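The structure appears below as structure tokens.
The values are calculated or read from the model by the stated rules, or taken from the named source; none is laboratory data. Small disclaimer: the values here were computed from a predicted structure and weren't measured. Cβ coordinates were reconstructed from backbone atoms using ideal geometry, including for glycine residues, and neighbour counts include every protein chain displayed. Accessible surface areas use protein heavy atoms only, side chains included; no ligands, DNA or RNA. Shrake-Rupley method; radii C 1.70, N 1.55, O 1.52, S 1.80 Å.
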Amino acid sequence: MIKRSATWLKNSFYAFPIQLVLLQLRSHLLLIGIWAVPALIISGALGRKLGLWLLFLDPEYLGRVGFWSFFFIGLTLGGFVMTWNLTSYLLSAHFFPFLASLSRPFTKFCFNNLLIPLGFFAYYAASIIHFEYVMESLPPGVIAVNLMGLLTGLFVLFLLNGGYFYFTNSDIFSFVQKGLIPAEMVRQVPPGRRDVDVDYIKQDEHRIPVRTYLTETLMPRRVRSVEHYDSAILMRIFRQNHLNALLVQLLSMLALMGLGLLVEMPWSRIPAGASIFIMASIATALLGAIIYWFSSWWVTALIVVLVLVDFITGFDWLRAKNKAYGMNYETTPAAYSYPDLVALASPEQVEIDKQQTIAILENWRKRAKRPGTQAPKMVILCVSGGGLRSATWTMHAVQQADSILGGSLLNHTVLVTGASGGMIGMAYLRELYLLQQQGEALNYRSSVYTDHVAKDLLNAVAFTTVSNDLFVPRSRFYLDGKRYRKDRGYIFEQQLNENTGRLLDKKMADYRDPERRALVPMMYITPTVVNDGRRMIISPQGVSFMMNSPIGIRQPDAVEIDAVDFGRLFARQDADDLRFLTALRMNASYPYVLPTVHLPTRPGIELMDAGFRDNYGLLSAARFIQVFHEWIQEHTSGVVLVQINTSEKIETISPSDQKGVITSLFNPLDIAGQLLSLQEFEQDAGIGFVFDLLGEERFQVVRFLYRPTKASKVAAAISFHLSQGEKRSVLQAWDLPENQASVKALRKALQ
């Protein structure tokens, strides 16, 4: 009995599936690591705050989560599995010469190489069931349909690949039927593998012992010896199978590039999770190809390839630089140096811009002041970044507060500033408010518009990244006669434009007159200059007074200019023609998700997300109040700073106890991850400064904060995608006691 058990264990250990896993762990750990990335994402261990796990557990296609969205996830997961098998076969088949003696060797290899994919699939399916049943409260029937979509996609892909290899891959029997091929007619070395010759695969030290393998029916079979077969025939079989595998990978890449040309078609925008599986397939294929061709030199080759790619793409003719749509890149670039910035903020220009802004404030005062009342309160809205979570929360909170206050919130608002998602939500609400002011029959507080701003923006971006941007954007488009490349930045704007009913498809200059007449609040869009960390203030009005604190105008050497007036800097590069959607995108250009934007300057500069300098808009608000505090003191009854936040003001403190010596080496880097907390400390100091400047009776801060309620089963992530559960969580936050207290405080302040 003991002997039989020992024999069974030994046979199990030398089974082909087990030996393949051990070979992967020994020689191709980096390839296994590619499987670990989606697994970690699904678990929430990687990118949970960014909502990456929901891209797999709550995929969306054409605005819906259902059979077809999971079908595309399954299809691309199947592609990843097949790429994994193809790559594994290319790299490992020569260790197992018995394969050449089998009918349909590649098919049998795939069935034996499924332990890792099966483990991943089991975990993925269980995660879907748990999420949809526990967190989304979906009925079992709906969950079953979604899983059926996932399985259908997998099987469709497997059938397509299986059919191809069935009709193209040869086995030992087809060669036997044709007669032996003379050794001199067969290439002695297969493509790229300099360490494998015709005798290599039959040498004991180069073989991995295998006793049994699984057939297509999952039945175990004993391995037969291949000593009696000619080495040339075995090599010819492997070589032919290898070429077919490489051909399938090449065709898959070409098909993906072809789909990239169709990104503007809504039906082509597959779920973002599917795009991640495609990226995993590409990474597996490329890494496998490098290992296959360069063998033991593959690490060096990979480093050389990365260096060459970085060098080659540094040339303007090849590097796909994203541009600000509407601006002129053909004319002489704007000079960008510190002396040039000083010239933009000359005392004369600052005074001109201040007087024009005071004229706007006067128009606002006339509209906001009710007959028989004291001077109106000035409201400045500061909205935080945070993807669609922030966009939806900002819009919903302002709609609700404005409705409760009978429209007085937006009527009293002079300025809106902030970052990424919050500004997208406020830009849409402001446009709806403007249309109503101009006589359109609509209710800007309707929840229909909140649904619009909560629509997915990520699927189109993710798919364009994989199908277009990774291969250097090829398509072009024209805007007012100016040519630009189509990339994920472009498709982001198109998707946002579709979601918001094309109401935001305007130029910056289109808002100059409505702002001057105080029909709508002014809006300062403030992306960050990557090169020097300054804020770029984008507004249809002149804002040179925002470039420096007042002391910097009177004493130029006292403080450094920390912001740039976009309109003044790019007056000759058609700043007025800047697409408003582009300005919003530049303000929300989270690294890697959206491209940094290159501007027509000498030397060249790039813009990225406003949140890296001012995620809450408080720097802009404090500077504005500082510049106009005398007018505010004389013509208003004070300022109410309304903050719309999506992150807790007081964060939990991460302990440093029980860290090992290696982990402790990275302790000094932890402060870099506290970017938002550092901003809060700095901006709290700014609020304190404004408080001292205006006085206790003339300055008030009111905050509306999103945080999950007790009824919420999931906290909304910082992402351009919201699940239905996340959306409910955002909307329910309005009922939090602190938010209800805030709206009462706001009502009292504006009375």
Scanning segment 39-51 residue by residue, those surrounded by 15 or more Cβ atoms within 10 Å (Cβ to Cβ) and either at pLDDT 80 or above or not in a loop (DSSP other than H, G, I, E, B) (or both) turn out to be ALA39, LEU40, ILE41, ILE42, GLY44, LEU46
Of a type outside the set (S, T, N, Q) and touching a strand residue (DSSP E or B) at 6+ places or on another chain (Cβ under 7 Å), is that true of GLU726? no
Considering residues of segment 305-330 that are modelled with pLDDT of 80 or more and over 20 Å from LEU607 (Cα atoms) only, the residue least open to solvent (accessible area, probe 1.4 Å): VAL305
Please work out if LEU442 is part of a helix (DSSP H, G or I), hydrophobic (A, V, I, L, M, F, W, C) and in contact with a helix residue (DSSP H, G or I) (Cβ under 8 Å, 6 or more places away or on another chain). no
Among the residues of segment 98-127, count how many are touching a Pro at 6+ places or on another chain (Cβ under 7 Å) and of a type in the set (A, V, I, L, M). 2
Selected residue (criterion: nearest to the chain's Cα centre (by Cα)) from residues of segment 589-615 that are more than 17 Å from ILE718 (Cβ to Cβ) and open to solvent by less than 20 Å² (accessible area, probe 1.4 Å): PRO595
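Quick test for you: out of ILE404, ILE424, pick the one residue that is among the hydrophobic types (A, V, I, L, M, F, W, C), in contact (Cβ under 8 Å) with a residue 40 or more places away in the chain and out of contact with any Leu (no Cβ under 7 Å at 6 or more places or on another chain). Spell out the reasoning first.
Working: ILE424 fails: out of contact with any Leu (no Cβ under 7 Å at 6 or more places or on another chain).
Going through ILE404, ILE424 in turn, the sole match is ILE404.
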Output the residues belonging to segment 610-636 that are modelled with pLDDT of 90 or more and not in a helix (DSSP H, G or I). PHE628, THR636
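One line per residue, one yes/no per condition, for (1) within 26 Å of the chain's Cα centre (by Cα); (2) open to solvent by 10 Å² or more (accessible area, probe 1.4 Å):
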position: VAL379; (1), (2): no, no
position: GLY386; (1), (2): yes, no
position: THR392; (1), (2): yes, no
position: VAL398; (1), (2): no, no
position: GLY406; (1), (2): no, yes
position: LEU409; (1), (2): no, no
position: GLY418; (1), (2): yes, no
position: MET426; (1), (2): yes, no
position: LEU432; (1), (2): no, no
Let me spell it out: the conditions are (1) under 27 Å from the mean Cα position of the chain (by Cα); (2) open to solvent by 30 Å² or more (accessible area, probe 1.4 Å); (3) among the small types (Gly, Ala, Ser), and ALA571 meets all of them except one. Which number is the exception? (1)
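Can you tell me which residue in segment 486-531 is farthest from ASN411 (Cα to Cα), limited to those that are polar (S, T, N, Q) and part of a loop (DSSP other than H, G, I, E, B)? Before you say what the answer is, go through the steps one by one.
Let us first name the residues in segment 486-531 that are polar (S, T, N, Q), namely 494-495, 497, 499-500, 526, 528, 531.
Going one step further and asking which of them are part of a loop (DSSP other than H, G, I, E, B), we end up with 500, 526, 531.
Working: THR500: 23, THR526: 23, ASN531: 38 Å.
Among residues in segment 486-531 that are polar (S, T, N, Q) and part of a loop (DSSP other than H, G, I, E, B), the one farthest from ASN411 (Cα to Cα) is ASN531.
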Contact list please: Cβ distance under 9 Å, first residue in segment 633-644 and without any contact (Cβ under 8 Å) to a residue 60 or more places away in the chain, second residue surrounded by fewer than 24 Cβ atoms within 10 Å (Cβ to Cβ) and not aromatic (Phe, Trp, Tyr), pairs at least six apart or on different chains. GLU634/ALA375
Identify the single condition in (1) surrounded by fewer than 19 Cβ atoms within 10 Å (Cβ to Cβ); (2) farther than 27 Å from ARG221 by Cβ; (3) among the polar types (S, T, N, Q) that SER69 does not satisfy, given that it satisfies every other one. (1)
Of all residues in segment 527-539 being open to solvent by less than 10 Å² (accessible area, probe 1.4 Å) and hydrophobic (A, V, I, L, M, F, W, C), which is farthest from ILE561 (Cα to Cα)? ILE538
Condition broken by TYR524, with the remaining ones in (1) hydroxyl-bearing (Ser, Thr, Tyr); (2) open to solvent by 40 Å² or more (accessible area, probe 1.4 Å); (3) under 20 Å from ILE358 (Cα atoms) satisfied: (2)
Using beta carbons and a limit of 7 Å, which pairs, at least six apart or on different chains, have the first residue in segment 505-517 and among the hydroxyl-bearing types (Ser, Thr, Tyr) and the second one modelled with pLDDT of 95 or more and open to solvent by less than 60 Å² (accessible area, probe 1.4 Å)? TYR511/PRO540
